[in-house]
């Protein structure tokens, strides 16, 4: 569980980047923060993982103040993926990179080796490859694998799909979804790609100017035009299409067309609508 209680925080110049922010994320949730640059999203992530301490208010991880926890203690519970994988990778081979967190934590290396072998097989890594010679997408996958290899209860993702092509994006996000749905890992994500947000996140928190302006089920928030406009957030195109179809034909307001977040959902709704009309005819 992650809880913010009236948190205000900033950096060296004394100005507040996050202002009086409060929320509670329960175990097993998949939450995404959205907002324009400078909204306070990445700062919120750094508060979650203890890299930044609040100026006022409190951040709690499983009921314990992060100010009372060492960074290493937080790292055991919360894996973190930076925007740039090159800020995270620090070893000469893929295998050494995946073993690094186990060594830092003083874990049983026999179990660690087996876990690393499983991850290498899952992602198809070359264990002896130089991480810095891998392409951008594979480095991002390696950074993600390094963040989850120790089985953290919480996974913090700061723009996990930046620089990835479509297939790489699917590979990363499908694995994150699997961790959430099958392993119960709590996922907290900052993401600018609203299509990814709509496809994967179950809850959406919208920020602007360091404050939370909307917090709720993804579908409901994506259809909250007032809050999105206030934060200068543009919803996924499929949501816009759905909204305009309903505006032009009020009879669709109670149909599945009005309740879509993704292209697959819209396609299914339209096909279902066409089939029902054919049956009537």
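Stretching the chain fully between residue 23 and residue 104 yields a gain of 26.0 nm (0.36 nm per residue, less the alpha carbon separation).
Seen through its C-alpha gyration tensor, with square-root eigenvalues sorted a ≥ b ≥ c, the stretch 107-193 comes out oblate because a/c lies at 1.5 or above while a/b is not bigger than b/c. Each DSSP beta bridge with both residues in the stretch 150-228 is either parallel or antiparallel, and the antiparallel ones are about 55%. Could you tell me how many degrees, from 0 to 90 and to the nearest 10, lie between the Cα long axis of helix 237-248 and the main elongation axis, the longest principal axis, of the Cα atoms of the chain? The two axes meet at around 20 degrees. Under the simplified labelling scheme, the residue 166-residue 249 pair shows an inter-label distance of 2.7 nm, with each label point 7 Å from Cα along Cα→Cβ. In the chain, the DSSP-assigned H stretches of four residues or longer account for a calculated mean residue ellipticity at 222 nm of -13000 deg cm²/dmol, using -39500 (n - 2.57) per stretch and the full residue count as denominator.
Here 223, 192, 6 are placed in order of increasing Cβ neighbour count within 10 Å, fewest first, which gives 6, 192, 223. In this simple spin-label model, placing a label point 7 Å from the Cα along the Cα-to-Cβ direction at both residue 62 and residue 128 gives a separation of 3.9 nm.
By its C-alpha gyration tensor, with a ≥ b ≥ c as the square roots of the eigenvalues, how is the stretch 173-249 shaped: rounded for a/c under 1.5, else prolate for a/b larger than b/c, else oblate? Oblate.
Panel order for 173, 109, by other beta carbons found within 10 Å of each beta carbon, from fewest to most: 109, 173. If you restrict to DSSP beta bridges whose two residues both lie in the stretch 38-197, what percentage is antiparallel, to the nearest 5? Antiparallel bridges: around 20 percent, rounded to the nearest 5. By definition, a body whose alpha carbon gyration tensor gives a ≥ b ≥ c is prolate when a/c is 1.5 or more and a/b is larger than b/c, and the stretch 2-231 fits this prolate description. Of the beta bridges in the chain, as assigned by DSSP with both residues counted there, near 55 percent are antiparallel. Between helix 136-148 and the chain there is an angle of about 70 degrees, using the helix long axis and the longest principal axis of the Cα atoms. P(r) for the stretch 23-68, from all Cα pairs and a bin width of 10 Å, is 23, 54, 22, 0 %, short bins first. I'd like the orientation of helix 263-280 relative to the chain: the angle between its Cα long axis and the longest Cα principal axis, in ° from 0 to 90, rounded to 10. Taking Cα atoms only, the helix is inclined about 30 degrees.
Values quoted throughout were computed directly from the atomic coordinates according to the rules given, and no laboratory measurement underlies them. All values reported here derive from a predicted model rather than from experimental measurement. Here the Cβ is made from the backbone with ideal geometry for all residues, glycine too, and neighbour counts use every protein chain on show.
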